[in-house]
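The next block holds one structure in the form of structure tokens; read it before the comments.
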Amino acid sequence: MIKTPIFEVVRHYFGDDVVAHLPSSIVKFPLIKTEKGVYIARAPVAVTENALVFGGNFNTGDRVRFGIANVDEIVENNDARLLLKPEVVWIYSCMGRKAFAGEILESEFLTYNILGTTCGFFSYGEFFKTSRSSQMMNLTTTVLALSEQEELETLPQPSRKQLDEKHENIAVMSRLTNAVVDELEHTIKTLDAYKLALDANSIVSKTNTQGIITYVNDLFVKISGYSREELIGKSHNIIRHPDVPNGTFKDMWTTIKKGHVWKGLIINKAKSGEPYYVDTTIIPLFDENKQIVEYISTRNDLTKIIKQQKQILKQTTDALTNLPNRVKLFEDIAVSQNPIIALINIDGFGEINRFYGFESGNTLLREFSALFLEMLNLTPYSLYKLEADNFVIFGDGEDNELFCTTMEKFINQVHTHQFLADMQGITTRISVGIAVEKEQILSHAEEALKQARLRNMDWMLSDKKEEAIHLQNFQMLHTLKSALEHDRIVPYYQALVHLKSHKITKYESLMRLIDENGKVYTPYFFLEVAKKSKYYLALTRIMIEKTLLDFTHREENVAINLSVEDIEDAETVLFIKNAIKNFVEPSRITFELTETEAIKDYLTIISFIASVKELGVKIAIDDFGSGYSNFAYLAQFNANILKIDGTIIQKITTDSSAYQIAAAINDFAKRLGLQTVAEFVFDEATNDVVKDLNIDFAQGYFHAEPLPIEKLP
């Protein structure tokens, strides 16, 4: 903070003559401060060797300004009318007021002289005290009127001496000065607000025309790490970072010396040695002759943003090849209009790694990268490196036929190129899958790549029909995941009717998926998708758990479907056995197994059947008679029930072959001591034939549709 002696301040604003006649020379120009919203004027009353003494107190840090006192206006506004006839009027006035008002003070006193006897004295100040504060007063006059009358009367205001032209001019000047001061104060407050906002968010410095720092704000000090004393008087070389080229500063000085504004991004170096990035604006300031007197610079700290950008770039760049990676590919696809990609995979790359070593494998990937970039040099396509040995070439809005033709040329070039020349060189081949659909485009390209390899082709374009199936499977997988997360996998139960007694003695538990809109899906729509995902085994456990809970307090038997995948999973088998042991009546549980070509290890199936039957459950063979039905193993399964496939039962009234097959299966089962069930009994005629064949149970919509537990009779 710069400190200026008071006499120099007075000399600057009022001139040498006023300084020579202090304090009376500026008594009409008091210092004004604001206290609790009230303007308070302090006039000078004495001069010492080094100070100007004011009447009344100032506190360290008070903000003051010079005021101007219009004596005429003060006297003119003094209403001396009293509401009573006084016996005597006492007048106490500050000596400063006498010096301040001069001959006009006599006119003011004349106002009171006509009221009656007047007396009083001059002092060197007064004080004014209330319950909230105590103030020293100066340039004041206090009037005390004493009267013994009980009734009030209003006395006329005496006429005053007319103001001369000089005083009128002073009054006008006073009003003008006050108006200008008010406007300046408003402007200063506005500028202070701007400066506060600028200092809070920007790094600010000023230099002279030689580039020497003359001012820095607090944010400059904070970010640079240097103290204000270390910076003032130095050039900006103190924070110059060596990575900034000399040409940048040459351009900057050329621009600002011409009086133009310069803008640019600069790397500075803090005292700690850490770099920081600033978006810089340098503005020349001119004097009245349009000569540059100094430069002011504002900077915005972009270090955090730059570092984030570098981190993002690192996250979107493959470390081995410096090519954009999968993350960047998806970002670019997201903003594209008509994307087309070629997914490239190196045939036999794993064998190359094992034979030559991983370092040679990395070298091969870098050589592939360089070759692809060279081939793409004059094309509008972009290259990306994905995981392992996968690359992608991406185009947007390009002609699909031209893109495929270009890929064919690239494939031929790759197949004739010598890689790993330092190791006597090798040739290798690539397979390519091309896709054009924006949604799940990479998945479609992967499927096309897979098909190209299966058909021993260099490349393939994804098929629309296969893409539609792929998308449908993906959507169903999402629906399945959501259903599992929100407990929307539920069992429905379909009755099995005993044909002789016409009673419902058992139910089959059938899996249903309910989506977020309440739509119910049968396993036809999601079971195959589930088997190719990690969710299938979870479905089995949910069905077992919920079914056994539903039938804990019922009397009927219940059948639960199991697949080969369930039986071959050790954890699922353990779960099944624990569930059996914890059920109230294991003899009411039946597990239905589908005997299909999926069974590769019959011994595992036979072992499982034996172990759970020891716990009291029954075994049913489901869908027998369709596809692959092994009569030889049927006896070894030691099942209790055989369910004749619905595709046979559906045709039993119209197809003699179907009738004979159903009769044979039923006869064979009865010879083995198995009960039989006819599936898909959909009308009365079918039910009658099934009953005539002496089949034990009928299941189908003719008797009952699958229902949730709360709707069962």
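Rule-based calculations on the coordinates, nothing more; no lab input. Predicted model only: the values in this text are computed from it and were never measured. So basically every Cβ, Gly included, is an ideal-geometry build from the backbone, and we count neighbours across all protein chains shown.
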- Two pseudo-spin positions, 7 Å from Cα along C-beta at residue 289 and at residue 18, lie apart in nanometres by 2.8 nm
- For a footprinting-style exposure proxy, rank 89, 261 by other Cβ within 10 Å, fewest first. 261, 89
- Item | Among the listed pairs 546/711; 581/711; 234/269, those beyond 18 Å (Cα-Cα) | 581/711
- Extension gain, residue 303 back to residue 57 (0.36 nm per residue minus Cα-Cα distance, nm): 83.6 nm
- Message: Take residue 422 and residue 694, extend 7 Å from each Cα along the Cα→Cβ direction, and tell me the distance between the two endpoints in nm.
- Response: 8.5 nm
- Message: Could you order the peptides 424-434, 235-245, 453-463 from most to least packed, using the average number of other C-beta atoms within 10 Å per residue?
- Response: 424-434, 453-463, 235-245
- Note on the structure: Between residue 519 and residue 683, Cβ-based FRET efficiency (R0 35 Å, step 0.05) works out to 0.80
- Message: If I take every Cα pair under 8 Å that is 6 or more residues apart in the stretch 322-462, average their sequence separation and divide by the length, what percent do I get for the relative contact order?
- Response: 30 percent
- Please give the FRET efficiency for residue 401 paired with residue 260, using the beta carbon to beta carbon distance and R0 = 60 Å, rounded to the nearest 0.05. 0.70
- the stretch 475-711 - share of DSSP beta bridges that are antiparallel (%, nearest 5): 40 percent
- So, over other residues within a Cβ distance under 15 Å of residue 291, counting Lys, Arg +1 and Asp, Glu -1, the net charge is 0
- Task: Run the quick spin-label model on residue 241 and residue 533: label points 7 Å from Cα toward the beta carbon, then report their separation in nm to one decimal.
- Result: 4.8 nm
- Can you tell me the relative contact order of the stretch 202-307? Whole percent, Cα pairs under 8 Å, sequence separation 6 or more. 28 percent
- Query: Using r as the Cβ-Cβ distance of residue 232 and residue 326, and R0 as 51 Å, what FRET efficiency do you calculate, to the nearest 0.05?
  - Reply: 0.45
- Rounded to whole Hz, the Karplus (6.51, -1.76, 1.60) HN-Hα couplings of the stretch 253-265, x for glycine and proline: 5, 4, 5, 6, 5, 7, x, 9, 7, 10, 10, x, 9
- Taking Cα atoms only, Rg over Rh for the stretch 403-523 with Rh from the Kirkwood formula is 1.32
- Query: Sorted by mean Cβ packing within 10 Å, highest first, what order do the peptides 32-45, 495-508 take?
  - Reply: 495-508, 32-45
- Message: Multiplying the sequence separation of residue 209 and residue 148 by 0.36 nm and subtracting their Cα-Cα distance, what value in nm do you get?
- Response: 14.2 nm
- With a 10 Å radius around each residue's Cβ, average the other Cβ atoms per peptide and rank 563-574, 688-699, highest first. 688-699, 563-574
- Message: What whole-number distance in Å separates the alpha-carbon centres of the stretch 203-259 and the stretch 496-521?
- Response: 82 Å
